[in-house]
1. Give the distance, in whole Å, between the Cα centre of region 189-227 and the Cα centre of region 241-272.
2. Taking the Cα centre of region 204-293 as origin and charging only Cβ (+1 Lys, Arg; -1 Asp, Glu), how large is the dipole, in debye to the nearest 20?
3. From the Cα gyration tensor of region 75-232, with a ≥ b ≥ c the square roots of its eigenvalues, which class applies: rounded if a/c is under 1.5, or else prolate if a/b is larger than b/c, or else oblate?
4. Once you charge only the Cβ atoms, +1 for Lys and Arg and -1 for Asp and Glu, what is the size of the charge dipole of the chain about its Cα centre, to the nearest 20 debye?
5. Which of 283, 46, 175 moves most in a GNM of the chain, Cα contacts under 10 Å?
6. Using the Karplus curve 6.51 cos²θ - 1.76 cosθ + 1.60 with θ = phi - 60°, what ³J(HN,Hα) values do you get for each residue of region 203-212, in whole Hz, with x for Gly and Pro?
7. What is the spin-label model distance, in nm, from residue 272 to residue 109 if the labels are put 7 Å beyond Cα along the C-beta direction?
8. What aspartates and glutamates could a cross-link reach from residue 245, if we take a straight Cα to Cα line under 16 Å and drop same-chain neighbours fewer than 8 places away?
Amino acid sequence: MTLKTSMHAMKKTLVLIAAAAGFTLSAAPALAAGGGGHALRDGGFSFEGPFGTFNQGQLQRGYKVYREVCASCHSMNLMHFRTLAEPGGPFFDAEHPNRPAAENRWVKALAKEVQIADIDSETGEPIMRDGTPADRFPNPYPNATAAAAANGGAAPPDLSVMAKARHGGANYIYSLLVGYRAPPANLQIRSGQNYNEYMAGDLTPFVPEGSHVPPGGFIAMPNPLQNGQVTYDDGTAQTVDNYAKDVAAYIAWASDPKQVARKRAGVGTLIFLFLFAGVTYLSYRRIWKGVAH
């Protein structure tokens with residue numbers, strides 16, 4: 001291989017690494033669309049971007065909103081109580097970082113508040129018992145048919161990975177929860193439906209021909225949040241806006257509990273690649289120095 005060819009290959013490698021780094025640093029905030037016409041609200045979440053991390057206090061408040069409001073209808077079938085105690089989670093114990101998640105005192109107390117359907121190991125009869133950190137979050141309904149029957153024919157979706165399943169992630173969830181409005185006067189809305197200006201949909205068939213079509217769409221879920229509905233123990237204002245932000249942050253964490261660890265690993269990998277590329281480039285310069293070509 002000639003010096004010219006080697007140098008060209010090295011430059012190409014450096015360009016590709018730089019391009020990958022730029023894509024990584026810009027990819028996180030790129031998810032900005034989702035909803036029915038309105039640009040999504042920006043929740044100003046601390047975990048956004050390649051260096052973002054979750055705010056533990058916000059995650060704890062978000063879990064409380066989920067448990068006291070959302071959990072009555074929405075399941076999180078992929079979540080175990082012990083996951084709440086993992087590093088970066090809402091109830092991670094920084095004073096005892098090496099303690100197993102199943103031994104976390106807060107998670108044990110939270111799990112014990114929940115009744116879990118089980119089978120008696122001696123009699124085989126169905127029983128209800130206190131939850132343990134090893135248990136999954138209980139489903140509010142025994143099956144999807146029961147969930148749909150209790151909610152006007154539309155089963156509430158599972159929230160385990162909801163932030164991953166919607167464009168805009170946490171910003172979409174936040175926008176949706178604060179996007180309930182009284183329906184415009186020219187909008188024909190069916191019984192059991194609610195108007196939300198961030199819900200995906202096309203309302204053209206529901207307004208008189210030639211009339212302005214409002215943004216948004218219909219949603220079966222009524223507005224779940226009201227000011228003062230959930231008590232915050234840390235003094236944070238008990239408003240719908242804060243409830244929506246906090247539970248959106250919690251659902252974003254639950255959708256990807258390893259997000260922060262993966263970001264740190266990615267940044268470390270990029271730093272290594274930059275250093276490796278630099279050392280390789282300098283090595284080529286030294287090896288081929290003074291060689292006629």
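The values are calculated or read from the model by the stated rules, or taken from the named source; none is laboratory data. Keep in mind the model is a prediction, meaning the values are calculated, not measured. In this analysis, Cβ positions are derived from the backbone assuming ideal geometry, glycine residues included, and neighbour counts consider all displayed protein chains. For the accessible areas, the whole protein counts, side chains as well, though only heavy atoms, and no ligand, DNA or RNA atoms are used. Shrake-Rupley method; radii C 1.70, N 1.55, O 1.52, S 1.80 Å.
1. 31
2. In debye, rounded to 20, region 204-293 gives about 1120.
3. Since a/c reaches 1.5 and a/b is larger than b/c, the shape of region 75-232 is classed as prolate.
4. Rounded to the nearest 20 debye, it is 1880 debye.
5. 283
6. Running phi through 6.51 cos²θ - 1.76 cosθ + 1.60 with θ = phi - 60° gives 8, 3, x, 10, 10, x, 4, x, 7, 5 Hz.
7. 4.1
8. Residue 245 reaches 42, 48, 68, 234.
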